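The values are calculated or read from the model by the stated rules, or taken from the named source; none is laboratory data. Source: prediction; values computed, not measured. With ideal geometry, Cβ positions are generated from the backbone for all residues, glycine too; neighbour counts draw on all protein chains shown. Side chains included, ligands, DNA and RNA excluded: accessible areas come from the protein's heavy atoms. Shrake-Rupley method; radii C 1.70, N 1.55, O 1.52, S 1.80 Å.
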Amino acid sequence: MMNFLKILCVLLLIVGCSRNKIVEDLKLIESLGYDLEDDKIKGSASFHVHYDVPAGAPVKLLTAESETANGIFTTFTQQVPHPVEIGKTRTILMGEPFAKESIKDLISTLVRDPIIASNAKMAISEQDAAEVLNHTMTLPPFYLSDVIEQNITYGNTPQTNLHTVLNQYFGAGQDVYLPFLTLYESEKIMVDGLGIFKGDKLAMRLQDKETFLFKIIKDKNMSGTYEFISEQKEKISLKIMYGKRKIYLKNTRQEPKVNIKLDLFALIKDYPGSLDLTKKEDVDKVSTMIEKELTTKIEKLLEEFKEEQVDPMGFGDLVRSEKRGWTQERFNDQYPNLEFEIETKMNFLGSG
């Protein structure tokens, strides 16, 4: 028995040492970038700078060109003395021209080789993906994915990751949406709106206010910030803390109508001195103004989706769940005539 325990301890030590050695000898990719250059795919990859790299030593991206999204990995491997490991990749970033051309090949690569975790973030960059990734090489590990996650939790970005993107891409009656990233002041990275796809191509871009409206209709986490400007040009800043939402179909046997009810709970973060929020009439006045604006802006956004023939809200999937004999082609014909009935209620939790 004692001999068996000694052998077991030795084996555990060997396995532990072997695992540490393998990790140290891998080039762990944190983020992958995809751009278009001369009709070819230009891939880039950022990686964690290992502790044994001398301070001040130049750090460069891995870069490669290929005809396919998967082909870049062969060139990556040829550039480094260690195996390239993409299993820890947390962000997949694509330049705007790449997203407009097609993400079909990239999606196929991700499906065929499902090493990357399903909670990895996908995003579109206003600048070349390689430029953004090059900037992250001097930032803390997994900086991009942390920026996106922070905006999902506390900002106006709806929940999105590789798992949701694949469901949207292959699922019936819905389209893909991804956050936009941009470099500003030449050195800072920020989330700046939402990209909406039509099939495999980027079709339109939402600004931050529109992204907020999208989030409170679509996302489980109904939180975010919204700035309201009154007719008197006075600014009121809101922090939506949480909300309740109900979306259902009316007239399912005839031409369906989508009913959306929103019940939002918010803090007023900033407001003009002309308002006295201790008075019920002032609170009711603000509530009415904001409810009217949100309802109008949401209707406008949904009409824009219809005009562009994109369905990131998944209304096609909603109709499919209620109507027999649903087909994507039939819904595409019905979608331009789909009507919406929107009700918005504001509840103020206080100010500060």
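Under a 1.4 Å probe, what is the accessible area of region 45-188 per residue, stated in Å²? Kindly include the intermediate steps, with their values, before the conclusion.
Working: 6850 Å² over 144 residues.
In whole numbers, region 45-188 has 48 Å² accessible per residue.
Is there a pair in LYS261/LYS285; LYS209/LYS300; LYS201/LYS323 whose C-alpha atoms are over 22 Å apart, and which pairs would that be?
Working: LYS261/LYS285 20 Å; LYS209/LYS300 12 Å; LYS201/LYS323 28 Å.
Checking Cα-Cα distances, LYS201/LYS323 exceed 22 Å.
Based on Cβ point charges of +1 for Lys and Arg and -1 for Asp and Glu, what charge dipole magnitude is obtained for region 193-280 about its Cα centre, in debye rounded to the nearest 20? Mind dumping the intermediate values first?
Values: 20 positive and 11 negative charges, 97 e Å.
Rounded to the nearest 20 debye, it is 460 debye.
Pick from LYS239, LYS285, LYS209 the residue whose mean-square fluctuation is largest in a GNM of the chain, springs joining Cα atoms under 10 Å.
Among LYS239, LYS285, LYS209, the largest GNM mean-square fluctuation belongs to LYS285.
Where does each of GLU307, GLU322 land when they are ordered by accessible area, with a 1.4 Å probe and the largest first? Spell out each step's value before the answer.
Details: GLU307 150, GLU322 105 Å².
My answer, sorted largest first, is GLU307, GLU322.
What do you reckon, how do HIS135, HIS82, HIS163 stack up by accessible area (1.4 Å probe), largest on top?
Numbers: HIS135 40, HIS82 65, HIS163 95 Å².
Order by accessible area, largest first: HIS163, HIS82, HIS135.
From the backbone phi of region 297-314, what are the Karplus-calculated ³J(HN,Hα) couplings (6.51 cos²θ - 1.76 cosθ + 1.60, θ = phi - 60°) in whole Hz, Gly and Pro given as x?
Calculated HN-Hα couplings, in order: 5, 5, 4, 4, 5, 5, 5, 5, 4, 5, 4, 7, 6, 10, 9, x, 6, x Hz.
List the residues whose amide H sits under 5 Å from the amide H of GLY314, counting only those 5 or more places along or on another chain, with H placed 1.01 Å from N in the peptide plane.
Amide H neighbours of GLY314: ASP175.
For region 183-290, what is the convex hull (Cα atoms) projected area averaged across all directions, in square nanometres?
Numbers: hull surface 44.1 nm².
With every direction weighted equally, the projected area is 11.0 nm².
Once amide H atoms are placed 1.01 Å from N in the peptide plane, what residues at a sequence separation of 5 or more from LYS88, or on another chain, have their amide H within under 5 Å of its amide H?
Those lying under 5 Å, H to H, from LYS88 are ILE29.
Sort out for me the Cα centre separation of region 172-200 from region 309-350, rounded to whole Å.
22 Å
Send over a whole-number figure in Å² for the accessible area per residue of region 200-352, probe 1.4 Å.
Working: 8300 Å² over 153 residues.
Per-residue accessible area for region 200-352 comes out at 54 Å².
Once the mean 1/r over all distinct Cα pairs of the chain is inverted, what Kirkwood radius in angstroms do you read off?
Numbers: mean 1/r = 0.0435 Å⁻¹.
It is 23.0 Å.
Using alpha carbons only, how many degrees (0 to 90, rounded to 10) separate the axis of helix 208-218 from the longest principal axis of the chain?
Helix 208-218 and the main axis of the chain meet at about 90 degrees.
What number, rounded to the nearest 500 deg cm²/dmol, is the helix-based mean residue ellipticity at 222 nm of the chain, given -39500 (n - 2.57) per DSSP H run of at least four residues and division by all its residues?
Numbers: 11 runs with 129 residues, N = 352.
Computed mean residue ellipticity for the chain: -11500 deg cm²/dmol.
With all protein chains present, how much of the accessible area of region 86-202 (probe radius 1.4 Å) comes from carbon and sulfur, to the nearest whole percent?
Values: 2350 of 4750 Å².
Its accessible area is 49 percent carbon and sulfur atoms.
For LEU61, which sequence-distant residues (separation of 5 or more, or a different chain) have an amide H within less than 5 Å of its own amide H, given hydrogens modelled in the peptide plane?
When sequence neighbours closer than 5 places are left aside, there are no close amide H contacts.
Roughly how many percent of the accessible protein surface of region 302-352 is carbon and sulfur, given a 1.4 Å probe and a whole-percent answer? Provide the component values of the computation, followed by the final result.
Working: 1070 of 2800 Å².
Of all accessible area on region 302-352, carbon and sulfur atoms account for 38 percent.
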